[in-house]
1. To the nearest 20 Debye, how big is the dipole of region 2-151 about its Cα centre, given +1 on the beta carbon of each Lys and Arg and -1 on that of each Asp and Glu?
2. Ordered by residue, what ³J(HN,Hα) values in Hz, to whole numbers, does region 22-29 give under the Karplus form 6.51 cos²θ - 1.76 cosθ + 1.60, where θ = phi - 60° and Gly and Pro are x?
3. On a full-extension model of 0.36 nm per residue, what is the gain between residue 84 and residue 72, subtracting their alpha-carbon distance, rounded to one decimal in nm?
4. How charged is the neighbourhood of residue 106? Take every other residue with its Cβ under 10 Å from the Cβ of residue 106, and add Lys/Arg as +1 and Asp/Glu as -1.
5. Output wanted: per-residue J couplings in Hz (rounded whole) for region 56-72, from phi through Karplus 6.51 cos²θ - 1.76 cosθ + 1.60, θ = phi - 60°, x for Gly and Pro.
6. What are the extents of the Cα atoms of the chain along their three principal axes, in Å, largest first?
7. Find out how many positive minus negative residues lie around residue 9, taking Lys and Arg as positive, Asp and Glu as negative, among other residues whose Cβ is under 11 Å from that of residue 9.
8. When Lys and Arg each count +1 and Asp and Glu each count -1, what net charge do the other residues less than 14 Å away from residue 66, Cβ to Cβ, add up to?
Amino acid sequence: MKLHVVMVEPEIPQNTGNIARTCAAIGAKLHLVHPLGFDISEKSVKRAGLDYWDKVEIEEHESFKKFLEKYKPEEYNMFFVTTKGKQVYSNPKYNKMQEVFLLFGKETKGLPEEILQKYIDKTIRIPMRPTLRSLNLSNSVAIVVFDVLRQNGFEDLEEISNYFDC
C-alpha cells in the first residue's frame with residue numbers, strides 16, 4: 001500500500017517539518033499544495049525534520065485545483081480530514097486499499113468548505129471534546145496515518161526492536 005499525506009496550504013513551518021519527519025519514518029509520500037505560508041527552505045522547516053528531510057519523497061503542487069486535476073478524488077482512495085468529518089478516522093477499512101490519500105487543510109481554516117461538501121462521504125475526523133477547535137496539525141497527521149498503518153499490519157515497518165537481544 002502506498003500512503004500519501006497531502007498538506008493543503010500549510011502555514012506553520014514547524015508543523016510541516018514534523019509531518020515531513022513522520023512521512024520519512026513511515027515511507028509516505030508528502031504532497032505540499034501551494035501557496036505555502038513559508039519558504040520551504042526556511043531553517044525552521046528543516047530543523048524540525050533536518051536529518052530526515054532528504055529521506056522523504058515530496059511532490060509540490062502549484063494549487064489545490066491543480067492537485068485535484070492530477071489526483072481526482074473519484075479515481076483515488078482519498079479522505080479529507082476535518083473537524084466536520086462525517087465519520088471517525090478509524091471507520092474506513094484502509095487495509096483493502098492499494099493507495100490512500102489523506103488530505104489536511106491549513107492550520108487556521110482547514111480544507112475549503114466547498115470541497116468538504118462535495119466529498120462529504122469521504123470526510124473523516126478525530127473525536128475530541130466539542131468545546132475545543134482542533135488538535136495540532138502534525139499530531140492529527142500522526143494519529144490518522146498510524147491507524148492506516150495499523151490496519152495494514154504496519155507493512156514494511158519494524159515492529160519489534162532487537163535492542164535488548166544479546
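Only the coordinates and a few stated rules stand behind these numbers; no lab work does. Being a predicted model, the structure only gives us computed values, none of them experimental. We place every Cβ from the backbone using ideal geometry, glycine too, and count neighbours over all the protein chains shown.
1. Details: 23 positive and 19 negative charges, 115 e Å.
Using Cβ point charges on Lys, Arg, Asp and Glu, region 2-151 gives about 560 debye.
2. Couplings: 4, 4, 4, 5, 10, x, 7, 8 Hz.
3. 2.2 nm
4. Details: positive: 109; negative: 9, 11, 107.
Around residue 106, the charge tally is -2.
5. 10, 7, 10, 10, 9, 10, 4, 7, 5, 4, 5, 4, 5, 6, 7, 10, 6
6. The Cα atoms of the chain stretch 57, 37, 37 Å along the principal axes, largest first.
7. Details: positive: 106, 109; negative: 11, 107.
Once all neighbours under 11 Å are counted, the net charge is 0.
8. Details: positive: 65, 70, 72; negative: 9, 59, 60, 62, 69.
It works out to a net charge of -2.
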